[in-house]
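The values are calculated or read from the model by the stated rules, or taken from the named source; none is laboratory data. Being a predicted model, the structure only gives us computed values, none of them experimental. Don't worry about glycine lacking a Cβ; one is built from the backbone with ideal geometry, like all the others, and counts go over all protein chains shown. For the accessible areas, the whole protein counts, side chains as well, though only heavy atoms, and no ligand, DNA or RNA atoms are used. Shrake-Rupley method; radii C 1.70, N 1.55, O 1.52, S 1.80 Å.
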Amino acid sequence: RLEYPVLPSGRYTLKIWGRDHAGNLSGPLAFPFRIRPAPWMHPAARLGYALGFIGLAWVIHLWRSRWLLARNLILQSQVDSATLELRQSKQRLEFLNEDLERLNALKNEFIGIAAHDLRNPLSAIKGYSEMIVEDAQLLRRGEAKDPAACIRELEEHAQLIGNTVGRMAAMVQNLLDANRIERGE
């Protein structure tokens with residue numbers, strides 16, 4: 001009895017010669033036989049493996065496609081939510097921008113009025129100071145007809161300048177008070 005565990009699958013013929021007790025050789029006896037492949041090596045098994053692998057790949061593909069679709073839906077909802085928030089923020093900013101433009105126009109108008117109101121007293125101060133300089137030069141050169149009247153005029157002009165400066169200071173104080181009130185101070 002012999003074993004051949006490494007024979008590949010296929011058809012074989014076993015030939016046996018024998019000798020009798022006298023030493024005569026008898027012709028070969030032929031025994032055909034076949035070694036079948038292992039069940040896992042059979043072509044039908046290999047086809048099954050291929051079909052199983054293709055099926056598994058298909059199932060993985062379907063699962064991944066569904067997972068990606070679900071992920072896309074989640075991401076799309078997040079993008080939609082963020083887009084809505086951005087639109088709302090844009091609308092708020094546009095509203096605030098319009099409000100700021102309106103307030104800026106009011107501020108510019110107010111500054112124009114304040115500048116105009118302050119320019120008039122400054123012009124008066126400039127005029128009175130020029131008169132004081134002229135009267136002082138006349139006094140210094142001795143060309144004044146009535147030095148006492150000239151000094152009274154100087155005092156009046158200085159008094160007018162003081163009054164005008166007082167009015168301007170009151171206007172500036174009112175502006176500063178309005179500013180503090182707006183800031184909540």
Subject >> Yes/no for I74 being assigned to a helix (DSSP H, G or I) and modelled with pLDDT under 85 >> reply: no
Original post:
Taking the condition within 30 Å of V172 (Cβ to Cβ) and open to solvent by 80 Å² or more (accessible area, probe 1.4 Å), does R102 pass?
Top reply: yes
Original post:
Does any residue in region 158-185 that is touching a residue at least 60 places away in the same chain (Cβ under 8 Å) and at negative phi come within less than 9 Å, Cβ to Cβ, of a residue that is open to solvent by less than 70 Å² (accessible area, probe 1.4 Å) and among the aliphatic types (A, V, I, L, M) six or more places away or on a different chain, and which pairs are these?
Top reply: L175/A114
**OP:** Go through region 1-51 and count every residue that is part of a strand (DSSP E or B) and of a type in the set (S, T, N, Q).
**Re:** 2
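Among I113, I125, which is the only one that is open to solvent by less than 80 Å² (accessible area, probe 1.4 Å), of a type outside the set (S, T, Y), at pLDDT 80 or above and within 21 Å of V172 (Cα to Cα)? Break it down stepwise before answering.
On the way: I113 fails: open to solvent by less than 80 Å² (accessible area, probe 1.4 Å).
Exactly one of I113, I125 is open to solvent by less than 80 Å² (accessible area, probe 1.4 Å), of a type outside the set (S, T, Y), at pLDDT 80 or above and within 21 Å of V172 (Cα to Cα), namely I125.
Would it be correct to say that E185 is touching a helix residue (DSSP H, G or I) at 6+ places or on another chain (Cβ under 9 Å), acidic (D, E) and within 30 Å of L103 (Cβ to Cβ)? I'd like the intermediate steps shown before the answer.
On the way: touching a helix residue (DSSP H, G or I) at 6+ places or on another chain (Cβ under 9 Å): yes; acidic (D, E): yes; within 30 Å of L103 (Cβ to Cβ): yes.
Spelling it out, E185 is indeed touching a helix residue (DSSP H, G or I) at 6+ places or on another chain (Cβ under 9 Å), acidic (D, E) and within 30 Å of L103 (Cβ to Cβ).
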